[in-house]
């Protein structure tokens, strides 16, 4: 009984913090609320909750206890930790760090994910590394999730990557019926990938076209993180917009009848050892 009372107190505190009421259309599930309220989350990550809106994002993602989740380019592990608490002991989280990012970027950018390799309360997390275009968790997953990183695939520090091949790898990583969720900084409409290296933004329609070509269906879009006050002209880490950029959320589904992604047309170029930190490293953007 005492445990149930304490758990109810956690839920009410998070509902109050984020303005959602039990029973409303936007109400949190208890497992999402408990994940956000977990005492072992790093304080610097908790401090970012107001801007990253995990209560809304995780609810939209639909992740639940027992799920297998791949956090693609997990960076500091902000969402990795939340996923870990949600999926619980019967689920698993695969945090993927591309070799290209590890070679070209500061270790500080992925230290938060690396810390999870030591177990503790995150024993259901496995940290994976490898070439970005060969991303493949050891088992099919329910959700592939990537936040504020898809645009980086087009940048020099990532190769640039063969983005169609990466999208196919995401498709192959999922169970039939599984979902891919992409969050990224919005660029000027019609700009394509022009601003990925400079402003760290991307036209969301590029993401849609690329992912659909890999065999996915577009399931839903969300305005949860949209900001009409963002002019799309500033770098995402400019103090005027950092943490408040206009962000698109796109959710795609692998058809339940799917067997394989469309065949590749070309392989990604070989990745060579970097001589220094790339100018577009992902940690700048999150």
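Looking at the structure I just gave you, is residue 130 surrounded by fewer than 19 Cβ atoms within 10 Å (Cβ to Cβ), touching a helix residue (DSSP H, G or I) at 6+ places or on another chain (Cβ under 7 Å) and on the phi > 0 side of the Ramachandran plot? Please lay out each step first, then the result.
Details: surrounded by fewer than 19 Cβ atoms within 10 Å (Cβ to Cβ): yes; touching a helix residue (DSSP H, G or I) at 6+ places or on another chain (Cβ under 7 Å): yes; on the phi > 0 side of the Ramachandran plot: yes.
Answer is yes for this residue.
Being touching a helix residue (DSSP H, G or I) at 6+ places or on another chain (Cβ under 7 Å), surrounded by 17 or more Cβ atoms within 10 Å (Cβ to Cβ) and at pLDDT 60 or above, is that true of even one residue in the range 262-280? No, that holds for no residue.
Applying the condition of being farther than 26 Å from residue 161 by Cα and in contact (Cβ under 8 Å) with a residue 60 or more places away in the chain to the range 55-108 and asking which residue is surrounded by the most Cβ atoms within 10 Å (Cβ to Cβ) yields 83.
When you scan the range 242-257, do you find a residue that is closer than 17 Å to residue 51 by Cβ, at pLDDT 95 or above, in a loop (DSSP other than H, G, I, E, B) and touching a helix residue (DSSP H, G or I) at 6+ places or on another chain (Cβ under 6 Å), even just one? Give the derivation first.
If we filter the range 242-257 for residues that are closer than 17 Å to residue 51 by Cβ, which is where we start, we get 242-249.
Within this subset, residues satisfying the condition of being at pLDDT 95 or above are 242-249.
If we keep only those that are in a loop (DSSP other than H, G, I, E, B) as well, we get 242-246.
Still in the running and touching a helix residue (DSSP H, G or I) at 6+ places or on another chain (Cβ under 6 Å): 243.
Checked against the condition, which is being closer than 17 Å to residue 51 by Cβ, at pLDDT 95 or above, in a loop (DSSP other than H, G, I, E, B) and touching a helix residue (DSSP H, G or I) at 6+ places or on another chain (Cβ under 6 Å), the range 242-257 yields at least one hit.
Of the numbered criteria (1) outside any strand (DSSP E or B); (2) touching a helix residue (DSSP H, G or I) at 6+ places or on another chain (Cβ under 9 Å); (3) closer than 25 Å to residue 32 by Cβ, the one residue 143 fails is (1).
The values are calculated or read from the model by the stated rules, or taken from the named source; none is laboratory data. All figures in this text were calculated on a predicted structure; none of them were measured in a lab. No Cβ is skipped: glycine too gets one built from the backbone with ideal geometry, and neighbour counts run over all protein chains shown.
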